[in-house]
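Beneath this line is the structure, given in structure tokens, with notes to follow.
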Amino acid sequence: MDPMSEDKTIERQEPNIRDEYDGVKFRTLAKGITTHPLIRGGRPCLEGTGIKVTDIVAAQKYHRLGTDEIADHYAIEFFMVEDALNYYAAHTDYIDTDLEIDSLNDIQLAEAQYGTRPDSLLSRRKSVS
């Protein structure tokens, strides 16, 4: 039998992760999706990684990548991408709002002049010294 013709199925393995971080437990939101207040601002992430669900959804929606391409790009398993997309399907409004906020933050950052400080920061610094 040719070893190349064998059916290569990948078994889903539980990630080897901590139950808690800084004394706070991870919260499981859905299969393969967790959250923690100290990791990525408490946003939903792929279990055992710091990859946000919004990262996966943005790759699919805006960059038009397929699930295989997303898995390759982030060096994760295919089922992890599916978990993120399933979570998105069940929580579309929440994730779309999160993507919109990210987009607004990106626009503000792009419009800000590099190396300048807002007056409010300068006035606070003067009052402290």
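Of the helices (runs of 4 or more DSSP H) that lie entirely inside the range 70-129, those containing 2 or more residues that are of a type in the set (Asp, Glu) and at pLDDT 85 or above span 78-90, 92-111.
For the range 24-49, which residues satisfy the criterion of being among the basic types (Lys, Arg), over 16 Å from TYR88 (Cβ atoms) and touching a strand residue (DSSP E or B) at 6+ places or on another chain (Cβ under 6 Å)? Quick ask: steps written out before the conclusion?
Residues of the range 24-49 among the basic types (Lys, Arg): 25, 27, 31, 40, 43.
Next, from what is left, pick out any that are over 16 Å from TYR88 (Cβ atoms): 25, 27.
Listed by number, the list holds a single entry, ARG27.
Take the range 45-63 and flag every residue that is more than 13 Å from ILE76 (Cα to Cα) and either at pLDDT below 95 or among the small types (Gly, Ala, Ser) (or both). Scanning the range 45-63 gives ALA58, ALA59, LYS61, TYR62, HIS63.
For the range 1-44, enumerate the residues that are polar (S, T, N, Q), modelled with pLDDT under 90 and surrounded by 11 or more Cβ atoms within 10 Å (Cβ to Cβ).
Matches in the range 1-44: THR28 only.
Is there a residue in the range 41-48 that is free of Cβ contacts under 8 Å to residues at least 24 places away in the same chain and part of a helix (DSSP H, G or I)?
So in the range 41-48, the residues free of Cβ contacts under 8 Å to residues at least 24 places away in the same chain come out as 41-42, 45.
Pick out the ones that are also part of a helix (DSSP H, G or I) and you get 41-42.
Yes, the range 41-48 has at least one match.
Reported count of residues in the range 72-83, each being within 14 Å of GLY50 (Cα to Cα), hydrophobic (A, V, I, L, M, F, W, C) and out of contact with any strand residue (DSSP E or B) (no Cβ under 6 Å at 6 or more places or on another chain), is 3.
Within the range 53-68, one or more residues are touching a His at 6+ places or on another chain (Cβ under 7 Å) and without any contact (Cβ under 8 Å) to a residue 24 or more places away in the chain.
The values are calculated or read from the model by the stated rules, or taken from the named source; none is laboratory data. Model, not experiment: these values are computed from the prediction. Neighbour counts run over all protein chains shown; Cβ positions are idealised from the backbone, glycine included.
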